[in-house]
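Written out below as structure tokens is the structure these notes cover.
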Amino acid sequence: MSALTATPERASRARGRGPTRDNRRGPGMDRRLNLTGWAFLAPAAILIVLVNFVPMIQAFILSLQSGRGTNLTFADPLWYNYQRLFGDEIFKQTLVNTFIYLIVQVPIMLILAMILANLLNNPNLKAKAFWRTAIFLPAAVSLVSYSLVFRTIFATDGFMNDFLALFSVPPVNWLGEPETARFVLILGLLWRWTGYNMIFYLAALQNVDRSIYEAARIDGVPAWARFFYITLPMLKPVILFTTVISTIGTLQLFDEPYNITQGGPADATLTLSYYIYNLTFKFMPSFGYSATVSWVIVVLVGILSFAQFLVARDRRAR
């Protein structure tokens, strides 16, 4: 009897008219699944709030205080430290320096990374593993170590001036002039981070079906058109990602100026993060004002990241 009654039910399910597990699942089951998902997310979410957002709120409260050392009181008016920024010539210089690195170094680095990724993605390239390792290797070197090497190379009696002397070029005070000191820092950043960004582009290129390029080549599409109309659109999410992380890293730049130029000459290579360090540990401790400068970095990161997302947003979604 049960077999006879079960047969029509199975037949109706096969025709798509019978009840399924998804149809039998009620609101209670959905609620339990949602609670299970949140239970897995809760530890990580709590950790992110405690490690990231709570210190940010504390830093903002600290930025409303003034005083020396730990003898801090709320400023009068509360926005005194933010008002002080507009009259701080060193802060203005650090802001200019940081944007010079951002405007000059980041585009060059990403373009070089894109070119190298395309070259290394060539299936006919010999010794691909060697070239990929060699280009990425600087990213694995200690920041302090490579900074000291660059400082030695570009010293007055360093390798670079010895090399220029072979062509009867007078020695250059690389780290003693603002323009050349910035050039050395930009060169160091390019050497250190180009291979790091190249890996992201190379990984994305390897996920692109090569038959697309073959079809375009058979149709007579030139190489430059394949790059601009096939490669770049497909790499758009990765380009956005590398642009955002490179922007954030440049706004937080500290190791290279600290180890290569010590912010000199005449604060020509001083960055926002280095200035925060000086305000907190090197000069008379001014924790409230240093927290104010740190919030400038937070605001700049938010504005520039939001602008980059708007620029990279798919126009079809508008």
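The values are calculated or read from the model by the stated rules, or taken from the named source; none is laboratory data. Remember, it's a predicted structure, so these values are computed and weren't measured experimentally. Every residue, glycine as well, gets a Cβ built from its backbone with ideal geometry; the counts of neighbours run over all protein chains shown. Surface areas here come from the heavy atoms of the whole protein model, side chains and all, with no ligands, DNA or RNA. Shrake-Rupley method; radii C 1.70, N 1.55, O 1.52, S 1.80 Å.
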What ranking, highest mean first, results for peptides 288-301, 138-151, 166-179 when packing means the other Cβ atoms within 10 Å averaged over each residue? 288-301, 138-151, 166-179
Please state, to two decimals, what the Cα-based radius of gyration of the stretch 210-287 comes to when divided by 2.2 N^0.38 Å (N = residues). 1.93
What are the aspartates and glutamates whose alpha-carbon lies under 20 Å from the alpha-carbon of LYS236, with same-chain residues fewer than 8 places away excluded? ASP209, ASP314
Net length gained if the chain between PHE228 and LEU148 were fully extended (0.36 nm per residue, minus Cα distance): 24.9 nm
Looking at the chain, do any whole DSSP H helices span at least 24 angstrom along their long axis by alpha carbon and average -0.5 or above on Kyte-Doolittle, and which? 27-48, 178-205, 287-312
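Express the C-alpha Rg of the stretch 81-143 as a ratio against the empirical globular expectation 2.2 N^0.38 Å, rounded to two decimals. Can you show the working numbers first?
Details: Rg = 19.3 Å, N = 63, 2.2 N^0.38 = 10.6 Å.
My calculation over the Cα atoms of the stretch 81-143 gives 1.82.
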Please report, as a whole percent, how much of the solvent-accessible surface of the chain comes from carbon and sulfur atoms (probe radius 1.4 Å). 68 percent
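Mind checking the dipole of the stretch 26-179: about its Cα centre, +1 per Lys or Arg Cβ, -1 per Asp or Glu Cβ, Debye to the nearest 20?
Numbers: 9 positive and 8 negative charges, 151 e Å.
For this selection, approximately 720 debye.
Inverting the mean 1/r over all pairs of different Cα atoms, compute the Kirkwood radius of the chain and quote it in Å. Walk me through the numbers on the way to the answer.
On the way: mean 1/r = 0.0406 Å⁻¹.
Value: 24.6 Å, from the Cα pair sum.
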Probe 1.4 Å - accessible area at TYR201, Å² to nearest ten: 0 Å²
